[in-house]
1. From the set of residues in the stretch 232-246 that are at pLDDT below 95 and within 12 Å of the chain's Cα centre (by Cα), which is farthest from A136 (Cα to Cα)?
2. Could you go through the stretch 43-56 and let me know if any residue there is at positive phi and not in a helix (DSSP H, G or I).
3. Check off (1) surrounded by 22 or more Cβ atoms within 10 Å (Cβ to Cβ); (2) at pLDDT below 90 for H183 and give me the number that stays unchecked.
4. Residues in the stretch 165-178: is at least one more than 22 Å from the chain's Cα centre (by Cα) and either modelled with pLDDT under 90 or not assigned by TED's automatic domain parsing to the domain that holds L30 (or both)?
5. For residues in the stretch 142-170 being assigned to a helix (DSSP H, G or I) and touching a Gly at 6+ places or on another chain (Cβ under 8 Å), which is surrounded by the fewest Cβ atoms within 10 Å (Cβ to Cβ)?
6. May I ask you to say which residue of S305, S290 is modelled with pLDDT under 90, over 15 Å from the mean Cα position of the chain (by Cα) and surrounded by fewer than 17 Cβ atoms within 10 Å (Cβ to Cβ)?
7. Quick one: L56 ticks every box in (1) over 26 Å from the mean Cα position of the chain (by Cα); (2) hydrophobic (A, V, I, L, M, F, W, C); (3) at pLDDT 95 or above except a single one, so which number is it?
8. May I ask you to verify whether Q80 is over 29 Å from L261 (Cβ atoms), outside any loop (DSSP other than H, G, I, E, B), in contact with a Ser or Thr (Cβ under 8 Å, 6 or more places away or on another chain) and not assigned by TED's automatic domain parsing to the domain that holds P268?
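The values are calculated or read from the model by the stated rules, or taken from the named source; none is laboratory data. In this text, all values refer to a predicted model and were calculated from it rather than measured experimentally. So basically every Cβ, Gly included, is an ideal-geometry build from the backbone, and we count neighbours across all protein chains shown.
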Amino acid sequence: MRSFRRITVALSMTATDVDVLRYAAIVARLGITTRLQFVHVKTSPSPTTEDDRNRLVVRLRETVHAHFGQPLEGTAVSFQVVGGSRVESLIDTAVEHKSELILLGHRRTRAGRRTLARKLAMTGRCSVWMVPEGAALQLSRVLAPVDFSDHSADGLSQAAAIARLQGLDECLALHVGCAPLRHSSSAVDRASGDEQSPWQMFLETVNAYGVPIETLNESAKNTVGAILEYAHRRSVDLLVISTRGTTRMPDIQLGSTTSQLLMESDLPVLIIQQGNGSGLLQAVQSTFASLYHTLRMPLLNLLYS
């Protein structure tokens, strides 16, 4: 599982921080975090004096203590107020503290298309956990959308690891394509004999941490719409999806489905950041690999039909 030992929690100093802090407490109780950093970025163009900054830190500390509660024993906690651009300041602060995850909320009343979360996922070097305002404050069912690529296998592994840590009975995996796959499975694929289904081949690359994986195929032109519809139908409260890796082209790194999911989801979304890549070459290879996997599955179904 990706290490989430060090987590940066971004707070806006508004009423929506209450739910963000309560959700952060749920994540912290997974038992893998050793350091929590609570950060507020002051974007006001007017200069901030040291006294102003100190007062904000006191408010920040009081808010955290009121709504996050006491951290687990052995977890270090720090509070910081910084100025400047939200994206740059959060990335710089996360790098300075060697954070592996940035957790942040999103207000319903805020204009835009969740630019902050998407930019952090595109340009940062750590994973991003976005909690929309009004989302359920629980971790009871986890879903990983997959496209049978290596990076989606990693995303499913992370989803299974979270399910294991949370003590859940299963983890859900969903593939959405334009053409239906022949095989679908519920915990164990139903293919018989030596014939391998697309799911069987894919699941062989996934570390499920002993958690049963329930798989499903959906055929739809609107991938994100199908993911969200299925997630609500199954009472999912966390979506886990992985980036394509660190590249010089942020849009390729994030992927169109992941970006759209961040914009439209009313459920918490965890974007798993891949390790450092080798620039544009890796991005192109990843793109063609995904295309290959997308085309391979319908062809295999035709061969086995």
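1. From the stretch 232-246, those at pLDDT below 95 are 241-246; that's our starting set.
Imposing the further condition that a residue be within 12 Å of the chain's Cα centre (by Cα) reduces the set to 241-243.
Numbers: I241: 19, S242: 22, T243: 24 Å.
Among those residues, the one meeting the criterion is T243.
2. In the first step, residues of the stretch 43-56 are kept if they are at positive phi; the result is none.
No.
3. (1)
4. Quick first cut of the stretch 165-178, residues more than 22 Å from the chain's Cα centre (by Cα) only: 178.
Now drop any that are not either modelled with pLDDT under 90 or not assigned by TED's automatic domain parsing to the domain that holds L30 (or both), which leaves 178.
Yes, the stretch 165-178 contains a residue that is more than 22 Å from the chain's Cα centre (by Cα) and either modelled with pLDDT under 90 or not assigned by TED's automatic domain parsing to the domain that holds L30 (or both).
5. Residues of the stretch 142-170 that are assigned to a helix (DSSP H, G or I), as a first pass: 150-166.
Within this subset, residues satisfying the condition of being touching a Gly at 6+ places or on another chain (Cβ under 8 Å) are 151, 164-165.
Values: H151: 20, R164: 16, L165: 18.
Only one residue tops the list, namely R164.
6. Numbers: S290 fails: surrounded by fewer than 17 Cβ atoms within 10 Å (Cβ to Cβ).
Only one candidate passes the filter, namely S305.
7. (3)
8. Numbers: over 29 Å from L261 (Cβ atoms): yes; outside any loop (DSSP other than H, G, I, E, B): yes; in contact with a Ser or Thr (Cβ under 8 Å, 6 or more places away or on another chain): yes; not assigned by TED's automatic domain parsing to the domain that holds P268: yes.
In short, yes.
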